[in-house]
């Protein structure tokens, strides 16, 4: 059956995770197996088109009127009923950044949104830093 | 700028939370923190002060305080990835981490094997039932590319998606996904742990292992969470 042999869809964008989001994941998902499974779900973001409310079998919601979005993972891995992967874009670059990881039952507060913006500020300042160019000089 | 003049300059700053934190650090730690603060841009310095305020605020929620700390740690530690860039590439980090941690490598291998077996089983069932990707996508309210990616082992389905696919194809979900019995069992254990059920004394006695000699040391019984809540409430 030819219809069952579709070619792979190339990723639309790179997805990177900032260090603080990585630490968040370690706090709410202490088990390595849980983090590995969540990562597999978050990888679907490579094919997400900013603004779409779904990527494959996952829902994506915009957080209020902010420039952040949450990928809703409705699997518990035995700890929480589900997880939210908070993402944002460091414009004008195409890379999608994972800014935080939350459980679905955690309240989304103004302070958290403020913290997400500060994390994006770090991305903007640090993304030009590399071993070859430690001061991010252009 | 010397250390003392830096801290003097910071003392003049109105943000006491950040200043108190810097002054509470000792020797090299204080020096590293101040150096990092000097190195970063004006925006991040302002952000650091606000983050310390969130950390210090007694009304901050634990999630807010924890994330504020994690952000500060991120701000003051330059940790480029293997390619020398900030942050980590999500797609490559799995392979990189699996090389360093054998337990992750076996987890990745297991996930790969589950996804491969699922793709083979799904393809076979769709072929047997003469169902196209588009038809299946419509039945489970999903996109055709999602089905295509699942068949190409590039999209690990969620549990609820598996249930929808099984229902749409009129098969038992166990026919689609390997190890699902174990997943179900783990879910039940997790649900039991979180349902607030208290074991009775007779149930506890039934589970007690009396074959081993018991210690002569006797501790104080723990206070129940209910009592602690009542006292603090």
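Which members of segment A:86-112 meet the condition of being surrounded by 18 or more Cβ atoms within 10 Å (Cβ to Cβ), under 20 Å from residue B:62 (Cβ atoms) and more than 8 Å from chain B (Cβ to nearest Cβ)?
Within segment A:86-112, A:86, A:99, A:101 qualify.
Here is a yes/no grid of residues against (1) surrounded by fewer than 17 Cβ atoms within 10 Å (Cβ to Cβ); (2) under 22 Å from residue A:33 (Cα atoms):
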position: B:64; (1), (2): no, no
position: B:72; (1), (2): no, no
position: B:128; (1), (2): yes, no
position: B:149; (1), (2): no, no
position: B:162; (1), (2): no, yes
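Scan segment B:62-81 and tell me whether some residue there is more than 8 Å from chain A (Cβ to nearest Cβ) and touching a strand residue (DSSP E or B) at 6+ places or on another chain (Cβ under 8 Å). So that I can check it myself, show each step before the final result.
Filtering segment B:62-81 down to residues more than 8 Å from chain A (Cβ to nearest Cβ) leaves B:62, B:65, B:69, B:72, B:76, B:81.
Adding the requirement that they be touching a strand residue (DSSP E or B) at 6+ places or on another chain (Cβ under 8 Å) leaves B:81.
For segment B:62-81, residues more than 8 Å from chain A (Cβ to nearest Cβ) and touching a strand residue (DSSP E or B) at 6+ places or on another chain (Cβ under 8 Å): present.
I'd like the full set of residues that are part of a strand (DSSP E or B), more than 12 Å from the chain's Cα centre (by Cα) and surrounded by 20 or more Cβ atoms within 10 Å (Cβ to Cβ), limited to segment A:40-71.
A:55, A:58
Among the residues that make up segment A:65-74, is at least one of them closer than 21 Å to residue B:109 by Cβ and within 11 Å of chain B (Cβ to nearest Cβ)?
Scanning segment A:65-74 turns up no residue that is closer than 21 Å to residue B:109 by Cβ and within 11 Å of chain B (Cβ to nearest Cβ).
Restricting attention to segment A:113-126, which residues are at the interface with chain B (Cβ under 9 Å from one of its Cβ atoms), touching a residue at least 24 places away in the same chain (Cβ under 8 Å) and buried (at least 18 other Cβ atoms within 10 Å of the Cβ)?
Residues satisfying the conditions are A:116, A:119, A:122, A:123.
Starting from segment B:162-176, keep only residues that are in contact (Cβ under 8 Å) with a residue 12 or more places away in the chain, then list their pairs with residues that are surrounded by fewer than 16 Cβ atoms within 10 Å (Cβ to Cβ) whose Cβ atoms are within a distance under 7 Å, requiring at least 6 positions of separation or different chains.
Listed by first residue and then by second, the contacts come to B:168/B:139; B:169/B:129; B:175/B:121; B:176/B:121.
Examine segment B:92-105 for a residue that is in contact with a strand residue (DSSP E or B) (Cβ under 9 Å, 6 or more places away or on another chain), under 21 Å from residue A:74 (Cβ atoms) and surrounded by 17 or more Cβ atoms within 10 Å (Cβ to Cβ), and state whether such a residue exists.
Checked segment B:92-105: no residue is in contact with a strand residue (DSSP E or B) (Cβ under 9 Å, 6 or more places away or on another chain), under 21 Å from residue A:74 (Cβ atoms) and surrounded by 17 or more Cβ atoms within 10 Å (Cβ to Cβ).
Can you tell me how many residues within segment A:75-105 are over 25 Å from residue B:86 (Cβ atoms) and in contact (Cβ under 8 Å) with a residue 12 or more places away in the chain?
10
If we scan segment B:126-139, do we find a residue that is without any contact (Cβ under 8 Å) to a residue 60 or more places away in the chain and under 30 Å from residue A:99 (Cβ atoms)? Spell out how you get there, then give the answer.
Initial filter on segment B:126-139 (without any contact (Cβ under 8 Å) to a residue 60 or more places away in the chain): B:126-139.
In the following step, the residues that additionally are under 30 Å from residue A:99 (Cβ atoms) were identified as none.
The answer is no; no qualifying residue exists.
Answer yes if at least one residue in segment A:117-138 is farther than 25 Å from residue B:53 by Cβ and at pLDDT 90 or above, and no otherwise. Working first, answer last.
Looking only at segment A:117-138, we keep the residues that are farther than 25 Å from residue B:53 by Cβ, and these are A:127-138.
In the following step, the residues that additionally are at pLDDT 90 or above were identified as none.
Scanning segment A:117-138 turns up no residue that is farther than 25 Å from residue B:53 by Cβ and at pLDDT 90 or above.
Within segment B:142-163, restricting attention to residues that are more than 7 Å from chain A (Cβ to nearest Cβ) and within 16 Å of residue A:73 (Cα to Cα), which residue is farthest from the chain's Cα centre (by Cα)?
Going through the qualifying residues, I end up with B:163.
Restricting attention to segment A:13-39, which residues are more than 7 Å from chain B (Cβ to nearest Cβ) and surrounded by fewer than 18 Cβ atoms within 10 Å (Cβ to Cβ)?
Selection gives A:13, A:26, A:30, A:31.
Exactly one of these conditions fails for residue B:169: (1) under 30 Å from the mean Cα position of the chain (by Cα); (2) more than 8 Å from every other protein chain (Cβ to nearest Cβ). Give me its number.
(1)
The values are calculated or read from the model by the stated rules, or taken from the named source; none is laboratory data. It should be emphasised that the depicted structure is a prediction, and the values quoted were computed from it without experimental measurement. Note that each Cβ is placed from the backbone with ideal geometry, even for glycine, and that neighbours are counted across all protein chains shown.
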